[in-house]
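Visitor: Starting off with a structure, shown below.
The values are calculated or read from the model by the stated rules, or taken from the named source; none is laboratory data. A quick note: this is a predicted structure, and the numbers were derived from the prediction, not measured. Every residue, glycine among them, receives a Cβ derived from its backbone with ideal geometry; neighbour counts consider all protein chains shown. Note: areas computed on protein heavy atoms with side chains; ligands, DNA, RNA excluded. Shrake-Rupley method; radii C 1.70, N 1.55, O 1.52, S 1.80 Å.
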Amino acid sequence: MLASGRTVSSRLLRPTAWLPLRLSSERAAASFAQKELIKKHEQDEPRPLYMDFQATTPMDPRVLDAMLPYQVNYYGNPHSRTHAYGWESESAMETARKQVADLIGADPREIVFTSGATESNNMAIKGVARFYKAKKRHVITTQTEHKCVLDSCRILESEGFDVTYLPVQNNGLLDLELLEASIRTDTSLVSVMTVNNEIGVKQPIKEIGQICRSKGVFFHTDAAQAVGKIPISISDWKIDLMSISGHKIYGPKGVGALYVRRRPRVRLEPIQNGGGQERGLRSGTVPTPLAVGLGAACSIAQEEMEYDHQRVSMLANRLVQKVMSEIPDVIMNGDPEQRYPGCINLSFAYVEGESLLMALKDVALSSGSACTSASLEPSYVLRAIGADEDLAHSSIRFGIGRFTTEEEVDYTAEKCIEQVHRLREMSPLWEMSQEGIDLKSINWTQH
């Protein structure tokens, strides 16, 4: 009986004994395949220039330097209060919280760490609406918000809330009189993006905040594209909630923050429950290395914001002037003055945007938001500012950032000019327009 038992046990243990060898073999095979792919890519063609800083930014090496010790040596859980490992991590987390707060003029206790701006937006919009739903069931936003804001509002609609999606003017800016007229006695929240991720338009946040405060309505802004790039003062702007993203300001991916005002106090219903971390608003262990990275990115941004802004403005002007001086019928989407200069959205008439992107394969660009780039539909942001469907399909977004060089801008402009001319030469629509034919007057028929 005992011998039989031993036999069964050894049989059961055999797969476990071989498991480390099998895993090691699988890792080696995966590593080899990855190296071969990289080698093949490098042999075939060099990596393209990066001009898509609205989608994400490369991590600043100084941010990585700050993070590394907490990836290897200081690995304690920041919520462990009984030993030095936890104390070290907690201290680093709180230092990072202060760095984030200092960038926007907030109290560190008003900063809640999240996984990114998408989670922050969900927390702010759903959290405020659900907490105050007994008396207030109306939310206001705009038609040009990020998809995670619009989808959060649609979820609220399915729960019985009334949501007003305000249109914007042709320059992308919100009409303040329309906003004020839309606020009702049962409005709990207004959510308006600070800087648009597709066209770079900067909304009049200070004026919107004053309107909301005078009406007793909470004001949330998605500032993922603004924090660290333009000066922000949450007190002067009367902001009650603000979403922040790490990877948009040269920090790590997978971390962000939500600013939640303490006075006057804003109450949220948490959407994630558990251990009660982050004042009970966002349960779950805060990833110390990522929080440290976000804090370091905010600290660097605060020191270098003015220099970065001047340099990005210079490079953006250089790109726009080169392109527009050589190519006719180019439209800059969004207000030319109230904008963040590093986000340039141009429509090239009589050229299909996807074709131009393919022609510019040695430059990493996009035709809109990275979060909706899989869709072939024209950008809803461009449609909201009144762009014709053909122009909306012909748009390209150029993103300029901290590490962009003059040589990269010049190369991008020259390649863009060359390829637009080439594609237009193949376009019958371009030929017809050159002959003076009004394309809008033509009745197209299908066969």
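Visitor: Given H placed on each backbone N at 1.01 Å, which residues far from Thr164 in sequence or on other chains put an amide H within less than 5 Å of it?
Guide: Under 5 Å from the amide H of Thr164: Val139, Ile140, Thr141.
Visitor: Nearest 5 is fine: what % of DSSP beta bridges in the chain come out antiparallel, could you say?
Guide: Taking every DSSP beta bridge within the chain, about 55 percent pair in antiparallel fashion.
Visitor: Got a sec? What order do Lys238, Lys98 fall in by accessible area at 1.4 Å, biggest, i.e. largest, first?
Guide: Lys98, Lys238
Visitor: Something else now. Using a simple spin-label model with points 7 Å from Cα along the Cα→Cβ vector, what separation in nm is obtained for Glu418 and Glu306?
Guide: Using points 7 Å along Cα→Cβ, the separation is 4.0 nm.
Visitor: Going by amide H atoms built from the backbone, whose H comes under 5 Å of the H on Arg339, apart from near neighbours?
Guide: Those qualifying (amide H under 5 Å, at least 5 residues apart or on another chain) are Lys202.
Visitor: At a 1.4 Å probe, what is the % contribution of carbon and sulfur to the accessible area of region 61-300?
Guide: Roughly 50 percent of what the probe reaches on region 61-300 is carbon or sulfur.
Visitor: So for the chain, taking the charge dipole from beta-carbon charges (+1 Lys/Arg, -1 Asp/Glu), which of Val139, Gly342, Leu174 sits furthest toward the positive end?
Guide: Val139
Visitor: Length gain on complete extension for the stretch Ala181 to Leu64, per 0.36 nm per residue less the alpha carbon to alpha carbon distance?
Guide: Stretched out fully, the Ala181 to Leu64 stretch lengthens by 37.4 nm.
Visitor: What is the magnitude of the charge dipole of region 184-284 about its Cα centre, with +1 placed on the Cβ of each Lys and Arg, -1 on the Cβ of each Asp and Glu, and no other charges, expressed in debye to the nearest 20?
Guide: 300 debye
Visitor: Only bridges with both residues in region 61-300 count here: give the DSSP antiparallel percent, nearest 5.
Guide: Roughly 40 percent of the beta bridges in region 61-300 run antiparallel, per DSSP.
Visitor: Give me the net charge for the shell around Glu406: Cβ to Cβ below 12 angstrom, other residues only, Lys and Arg +1, Asp and Glu -1.
Guide: Charge balance near Glu406 sits at 0.
Visitor: May I ask you to evaluate 6.51 cos²θ - 1.76 cosθ + 1.60, the Karplus curve with θ = phi - 60°, for each residue of region 51-59 and list the ³J(HN,Hα) values in order in whole Hz, giving x for glycine and proline?
Guide: Whole-Hz 3J(HN,Hα) from phi for region 51-59: 9, 9, 6, 7, 6, 6, 10, x, 5.
Visitor: Give me a comma-separated list of calculated 3J(HN,Hα) values for region 416-429, in order, Karplus coefficients 6.51, -1.76, 1.60 applied at θ = phi - 60°, integers in Hz, x for any Gly or Pro.
Guide: Once θ is set to phi - 60°, the couplings for region 416-429 become 5, 4, 4, 6, 5, 4, 5, 5, 5, 5, 8, 9, x, 5 Hz.
Visitor: Go through Lys126/Lys147; Lys147/Lys215; Lys126/Lys206; Lys126/Lys215; Lys133/Lys229 and tell me which ones have a Cα-Cα distance over 25 Å in this structure.
Guide: Lys147/Lys215; Lys133/Lys229
Visitor: Extending each Cα 7 Å along its Cβ direction at Lys215 and Tyr85, get the distance between those two points in nm, one decimal.
Guide: In this crude spin-label approximation the distance works out to 5.2 nm.
Visitor: With θ set to phi - 60°, apply the Karplus curve 6.51 cos²θ - 1.76 cosθ + 1.60 along region 387-397 and write out the HN-Hα couplings as whole Hz, x wherever there is a Gly or Pro.
Guide: 5, 4, 4, 5, 6, 5, 6, 9, 8, 10, 9
Visitor: So, one more: Please report, in debye to the nearest 20, how large the charge dipole of the chain is about its Cα centre when each Lys and Arg carries +1 at its beta carbon and each Asp and Glu carries -1 there.
Guide: Around 2680 debye, computed over the chain.
Visitor: Now, a different point. Which value, in Å², gives the accessible area per residue of region 305-441 when a 1.4 Å probe is used on the protein heavy atoms?
Guide: In whole numbers, region 305-441 has 49 Å² accessible per residue.
Visitor: Another question, then. Which sequence of Ile183, Ile244 reflects their accessible areas, 1.4 Å probe, from the largest down?
Guide: Ile183, Ile244
Visitor: Give me the 1.4 Å probe accessible area per residue for region 61-300, excluding ligands and nucleic acids, in Å².
Guide: Ligands and nucleic acids excluded, the result is 39 Å² per residue.
Visitor: When the solvent-accessible surface of protein heavy atoms is calculated with a 1.4 angstrom probe, in what order do Asp52, Asp175 fall, highest first?
Guide: Asp175, Asp52
Visitor: While we're here: Can you tell me how region 305-441 classifies by the Cα gyration tensor, rounded, prolate or oblate, using a/c under 1.5 as the rounded cut?
Guide: prolate
Visitor: Given the Cα-Cα distance of Asp151 and Glu435 and 0.36 nm per residue of separation, how much length would full extension add, in nm?
Guide: 97.7 nm
Visitor: Give the long-range amide H neighbours of Tyr250: residues separated by 5 or more places, or on another chain, with amide H under 5 Å away, using H modelled in the peptide plane at 1.01 Å from N.
Guide: Thr57
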